[in-house]
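The values are calculated or read from the model by the stated rules, or taken from the named source; none is laboratory data. Fair warning: this is a prediction, and the values are worked out from it, not measured in the lab. Cβ placement follows ideal geometry from the backbone for every residue including glycine, while neighbour counts extend to all protein chains displayed.
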Amino acid sequence: MLDSELTAYSEYCTILRGRSRATVSAYIWNVRKFSEFLNARGDEIFSATRADVEDWLKSLFFDRHNSNSSRAVKLAAVRDFYAWLVRERYLSASPCQDIPSPKFAQHSARKFSTEELRQIFAAPDLSTEIGIRDLAVLMVLYGAGPRVSEIASLTLRQMQFTAETCTLTFFGKGAKERTVKLERVPTAAIRNWWQIRVAASKMDEPLFTSLTRDRGRRGYGITKESINAILKKYAVRFGIPDADAFVHKMRSTFASDLYDQIKDPLVVAAKMGHEDVKTTMRYIENSQTALNSGKISNARWRELTKQEG
C-alpha cells in the first residue's frame, strides 16, 4: 500500500514543491527506511506513534551510530512525509508533531589555501587526455562552485563559448537554474577538453566523460564518485589528507574567494544557488574581502596558475 502513497508524495514534491530529483529520492529513501524499522517491530507507517519515531531516532544513534546532523536530515524527511499525509487526509495527526530535531554544531565551511590550489592545478599531466579532462574539471569546481551533482550532470547544451569566456548553466536544488561566466584561464582548460570531446554528436551528451580503459564505460558521463576521486588524486600528492580533499570544500573556496572580491553576500548566494543568504554566510566566514566582479577574477587566476597577462 505504501508504494502508491510514496508515488503521489513524490509527484507532490517534484511538481508542487519544485524539489530536485536527488532531494525527492533522498526523502523517499528515508521514509522507506523508517517503514522498514516499523515493519521489523510488527508495526506499519500509518499507525506509527510519537514513541515509534523517538525509538527510531534512538536506534539510529545507538545501533547505527548516525550523527545528530544525519538524524536531523532523516527526521526532516519523515516529518515532511507525515505532514503531506495529514494534508491529504490520510491521517488526522502526525506522530512527528513536537519532536525536536537533534541539535548539532554548525561548523564554518573549510577552504583550500592559495598554495594548495596552485599545487592542485599544476598537477594534471596535460600530455594525456585524462590530465586535460581532469584540469578542466578542477577549474570548473573552483571557478564556478558547482555542487558535485551539478557538474556530473553538465551537458554540452549547458556550455556556451564566447571569444574569451565560457558560460555554464547549472540546474541546482529544486531544478533552479543559474549561470556562471568563467574567466579566461578556466575557459582555456575547457576549450582544451572540448578539442577531445568535439566528436560528440548530441548536445544532450555529458560534458565530462569517462576515459576508462573499460570500453563498456568509456564515453559515458563521469560519476559523482569519479569527480571526488579526481580532486583527491591530485590533492594527496601534496600532502593534503584524503579526508580534507572533497568537492564541497572547493565549492566553499569559490564562495569565500568570490566574497573577497565583491563583498556582497547576496551576489555570492545567487552564484551558489542559495535561496537563503544565511546558508551562504557559513561559506564566507573564512574570506578576507577585497575587489570587483561577480566571478573569480583574472588576477586571481594568474596568481594561482602563475600566468602572465
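Data table
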| quantity | calculated |
| --- | --- |
| Hey, Ala26 under 23 Å from Lys249 (Cα atoms) and either assigned by TED's automatic domain parsing to the domain that holds Ala245 or touching a helix residue (DSSP H, G or I) at 6+ places or on another chain (Cβ under 9 Å) (or both) or not | yes |
| Among (1) touching a helix residue (DSSP H, G or I) at 6+ places or on another chain (Cβ under 7 Å); (2) among the charged types (D, E, K, R); (3) over 25 Å from Glu150 (Cα atoms), the one test that Arg64 misses | (1) |
| Only listed residue being hydroxyl-bearing (Ser, Thr, Tyr) and farther than 24 Å from Lys176 by Cβ, chosen from Ser94, Ser69, Ser10 | Ser94 |
| Selection status of Arg237, at pLDDT 85 or above and surrounded by fewer than 19 Cβ atoms within 10 Å (Cβ to Cβ) | yes |
| Within segment 1-65, helices (runs of 4 or more DSSP H) holding 1 or more residues that are among the hydroxyl-bearing types (Ser, Thr, Tyr) and loosely packed, with under 12 Cβ neighbours inside 10 Å | 2-11 |
| Options Arg17, Arg50, Arg71, Arg110: the member that is basic (Lys, Arg) and free of Cβ contacts under 8 Å to residues at least 40 places away in the same chain | Arg71 |
| Members of segment 74-97 found to be closer than 18 Å to Asp43 by Cα, in contact (Cβ under 8 Å) with a residue 12 or more places away in the chain and small (Gly, Ala, Ser), listed by number | Ser94 |
| Wholly within segment 82-184, helices (runs of 4 or more DSSP H) carrying at least 1 residues that are basic (Lys, Arg) and modelled with pLDDT of 85 or more | 114-122, 129-144 |
